[in-house]
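One structure is given below, encoded as structure tokens.
The values are calculated or read from the model by the stated rules, or taken from the named source; none is laboratory data. Everything numeric in this text was worked out from a predicted model, so none of it was measured. Glycine also receives a Cβ, built like all others from the backbone with ideal geometry; neighbour counts cover every protein chain displayed.
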Amino acid sequence: MPRRKELLGIAAGVAQSFISRNNDVDGYWAMGILYTAVVRQKTNTFELNLLSGESTPEFKYSKKIAEANRQNLKKQLANLVFEEYQVTEANLLLEFDTRSVDQPSLNKTTWGEPFLCRVTIIDDLKKKHSFEARGWCGRHCSVKERRSTRSHSN
């Protein structure tokens, strides 16, 4: 039986995969698409329940993003031989434009504003395993960005 402290590594893997440039929606970086979507909703946060697929705010690609990340989570849990009942909650929180928040200095490697991605997994013993990743992200702009050449469906 795997040790529950390994859930922190799974949370880190999900967070790093989520903010990766390989996480795309309709051929564009998912982070930029989400940033644009939350700004249109007059907020700076996006929450995704990785188990149910529900998101706040809900938008066109919520279900697609949720499904891909739910599969990633399940694959990582299976690789470490976790049983489904051992994870009672798994949530992802994005906070965009976090300039006003006191944060460690980040090396700015791209355009945009700083963001925070937090993945929290709660196990069957009610213990939280949470990992934060930070980076820089600009709003989606099809004029500035190139669409992925990987096959994708709408």
*So which of Leu77, Leu48, Leu73 ends up being part of a strand (DSSP E or B), in contact with a helix residue (DSSP H, G or I) (Cβ under 7 Å, 6 or more places away or on another chain) and surrounded by 16 or more Cβ atoms within 10 Å (Cβ to Cβ)?*
Leu48
*asked:* Which condition from (1) over 14 Å from the mean Cα position of the chain (by Cα); (2) more than 19 Å from Phe96 (Cα to Cα) is the one that Ala11 breaks?
replied: (1)
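Give me the residue from region 28-43 that is surrounded by 16 or more Cβ atoms within 10 Å (Cβ to Cβ) and not in a helix (DSSP H, G or I) and, out of that set, modelled with the lowest pLDDT.
Within region 28-43, the first condition is being surrounded by 16 or more Cβ atoms within 10 Å (Cβ to Cβ), and the residues that meet it are 28-38.
After this cut, where a residue has to be not in a helix (DSSP H, G or I) as well, the list is 28-29.
Values: Tyr28: 83, Trp29: 87.
The residue in question is Tyr28.
Inside region 95-126, can you point out the residues that are β-branched (Val, Ile, Thr) and at pLDDT 95 or above? Before the answer, list the steps.
Step one: list which residues in region 95-126 are β-branched (Val, Ile, Thr), which gives 98, 101, 109-110, 119-122.
Residues satisfying the conditions are Val119, Thr120, Ile121, Ile122.
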*For region 55-69, enumerate the residues that are touching a strand residue (DSSP E or B) at 6+ places or on another chain (Cβ under 8 Å) and either at pLDDT 90 or above or in a helix (DSSP H, G or I) (or both).*
Ser55, Thr56, Pro57, Ser62, Lys64, Ile65, Ala66, Asn69
*Out of all the residues in region 32-78, which are over 16 Å from Ile19 (Cβ atoms) and of a type in the set (Asp, Glu)?*
Glu54, Glu58, Glu67
